[in-house]
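Q: Okay, handing you the structure first.
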Amino acid sequence: DVWFDSGVTHACVLDKRDQLTFPADLYLEGSDQHRGWFQSSLLASVAMNDVAPYKAVLTHGFTVDAEGKKMSKSKGNVVAPQSVMKDLGADVLRLWVAATDYRGEMSVSNEILNRTSDGYRRLRNTARFLLSNLDDFNPAEDLVDTRDLLALDRWVMDRAFVLQEEVKSAYETYQFQHIYQKVHHFCVIDLGGFYLDIIKDRQYTAKADGLARRSAQTAMYHVIEALTRWLAPIISYTADEIWQYIPGARSESVFLETWYQGLVKLDASSTMNREFWQKVMTVRTAVSKELEKSRGKGDIGSSLNAEVELYCNAEFFDALSQLESELHFIFITSNASVMAEQFCPDDAIQTEVEGVKLKVIVSEHKKCVRCWHQRYDVGEHAEHPELCGRCIENVAGAGENRHYA
């Protein structure tokens, strides 16, 4: 009987091989096997060993088309894996599987796969950006001690630390769709929409081997080490390719590694803890929307044409004031100042954040040809008449001092 044959595979396979153990960690099959293989295996093993042949069972739904209909060649709605791999690559197919809730029927179509391909490109492009900015970074010589990192760089390492714990937990419970969602959110929002956007100024204008730039590179190095490991079980070919380009000594393949141990969490008692940076991100989003409105009206071109005055309640005033003169780097404006709300003028704009109002002012200062910031000190230095003081320090001096961003 075929069900008996399959139901005793635990005896034929597990018991006969020294490298395998009984009971199995997992039996994996479609939802139709609850009364098939799972059941016959359970009955045979309980009769033979008085215990189930598996520690856990994972069942998945069936693949259907975009309308939830069963796939059939006669209906012409079959999506062949071979054609997907040929057109989009095997990793896109793997990512679709991971991003889909397998507990129910799994819909697939060319449109769905193309959306998955867009998500894949976001992950890959994030890795490419990180790698491209580590081109001159040697971790054996350039790695900055965690205690000396700029505050923003400490935050992104903490954010990666928290995410890694979530990823590990999701893998252990087979919640693959959560892994994709969380890592994609990290790449789009935390990195692309915040961290990487801010540190571009440091990467491109700070002194090449100065602390400001090396701190950012150190953080990116830790992130790419962790990110590659998170992605390896899902987009395996891409992760192994990324692994070959990460600077520093390493094993032959990412699949010979375990979870990254170089991430460090923020001290909750620190003045610039997770709650602090969440406030900063909230205000930045609000400021960006007002800058976009000014751009739409033609008042400014880029955000660096603007200076921002913030009028805040005590909570946001205390938080934003900690960034001192580096606040404008967060907003990517040429200048930014924060004042208590009692000094708020009548023409200040109420942002979407309660307790924060602002004024967007078109900067009247000259533009530095190197960093593009419009600063009061452009033209004050005879030897470098087109540069701001910060760029002169980065070009001809010891490099600018940064503490936060």
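Q: Looking at residue 135, is it charged (D, E, K, R) and either in contact with a Pro (Cβ under 7 Å, 6 or more places away or on another chain) or within 30 Å of residue 218 (Cβ to Cβ) (or both)?
A: Yes.
Q: In segment 254-284, what residues are among the hydroxyl-bearing types (Ser, Thr, Tyr), in contact (Cβ under 8 Å) with a residue 60 or more places away in the chain and more than 30 Å from residue 243 (Cα to Cα)?
A: Of everything in segment 254-284, just one residue is among the hydroxyl-bearing types (Ser, Thr, Tyr), in contact (Cβ under 8 Å) with a residue 60 or more places away in the chain and more than 30 Å from residue 243 (Cα to Cα), namely 282.
Q: Test of understanding: among 188, 144, which residue is over 30 Å from residue 25 (Cβ atoms) and under 15 Å from the mean Cα position of the chain (by Cα)?
A: It is 188.
Q: So which residues in segment 357-405 are of a type in the set (Asp, Glu) and either over 28 Å from residue 342 (Cα atoms) or buried (at least 21 other Cβ atoms within 10 Å of the Cβ) (or both)?
A: Passing the criteria: 377, 380, 383, 386, 393, 400.
Q: Being crowded, with 21+ Cβ neighbours inside 10 Å and either at pLDDT below 95 or assigned to a helix (DSSP H, G or I) (or both): is that true of residue 189 here?
A: No.
Q: Quick check on my filter: what residues within segment 85-112 are closer than 14 Å to residue 235 by Cβ and either in contact (Cβ under 8 Å) with a residue 60 or more places away in the chain or surrounded by 17 or more Cβ atoms within 10 Å (Cβ to Cβ) (or both)?
A: 88, 89, 90, 91, 92, 93, 94, 95, 96, 97, 98, 99
Q: State which residue pairs qualify: first residue without any contact (Cβ under 8 Å) to a residue 40 or more places away in the chain and assigned by TED's automatic domain parsing to the domain that holds residue 192 and inside segment 154-180, second residue surrounded by fewer than 21 Cβ atoms within 10 Å (Cβ to Cβ) and aliphatic (A, V, I, L, M) in any location, beta carbons under 7 Å apart, and separation of 6 or more residues or different chains.
A: Hits for this filter: 178/170.
Q: Continuing with the same structure: Let me confirm something: among 47, 80, 56, which residue is of a type in the set (A, V, I, L, M), exposed (fewer than 15 other Cβ atoms within 10 Å of the Cβ) and modelled with pLDDT under 85?
A: That would be 80, the only listed residue that is of a type in the set (A, V, I, L, M), exposed (fewer than 15 other Cβ atoms within 10 Å of the Cβ) and modelled with pLDDT under 85.
Q: Checking residue 10 against (1) farther than 25 Å from residue 179 by Cβ; (2) not in a helix (DSSP H, G or I), only one condition comes out false. Which one?
A: Single failed check for residue 10: (2).
Q: Still on this structure, I have one more. Could you say which residue among 182, 207, 168 is touching an Asp or Glu at 6+ places or on another chain (Cβ under 9 Å) and within 21 Å of residue 260 (Cα to Cα)?
A: The unique qualifying residue is 182.
Q: Ok, one more. Identify, please: which residue in segment 303-346 is touching a Ser or Thr at 6+ places or on another chain (Cβ under 7 Å) and surrounded by fewer than 19 Cβ atoms within 10 Å (Cβ to Cβ) and is, among those, nearest to residue 293 (Cα to Cα)?
A: Taking the candidates together, the pick is 309.
Yes or no, residue by residue, for (1) more than 27 Å from residue 346 (Cβ to Cβ); (2) of a type outside the set (Gly, Ala, Ser); (3) free of Cβ contacts under 8 Å to residues at least 12 places away in the same chain; (4) in the same structural domain as residue 197 (by TED's automatic domain parsing):
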| residue | (1), (2), (3), (4) |
| --- | --- |
| 288 | no, no, no, no |
| 300 | no, yes, no, no |
| 303 | no, no, no, no |
| 307 | no, yes, no, no |
| 310 | no, yes, no, no |
| 318 | no, yes, yes, no |
| 322 | yes, yes, no, no |
| 328 | no, yes, no, no |
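Q: Looking at (1) on the phi < 0 side of the Ramachandran plot; (2) in contact (Cβ under 8 Å) with a residue 24 or more places away in the chain, which is the one condition that is false for residue 332?
A: Unmet for residue 332, out of (1) on the phi < 0 side of the Ramachandran plot; (2) in contact (Cβ under 8 Å) with a residue 24 or more places away in the chain: (1).
Q: Are there any helices (runs of 4 or more DSSP H) wholly within segment 42-138 with 2 or more residues that are under 19 Å from residue 242 (Cα atoms) and within 29 Å of the chain's Cα centre (by Cα), and if so which?
A: 90-99, 110-132
The values are calculated or read from the model by the stated rules, or taken from the named source; none is laboratory data. Quick caveat, the model's predicted, so the values are computed rather than measured. With ideal geometry, Cβ positions are generated from the backbone for all residues, glycine too; neighbour counts draw on all protein chains shown.
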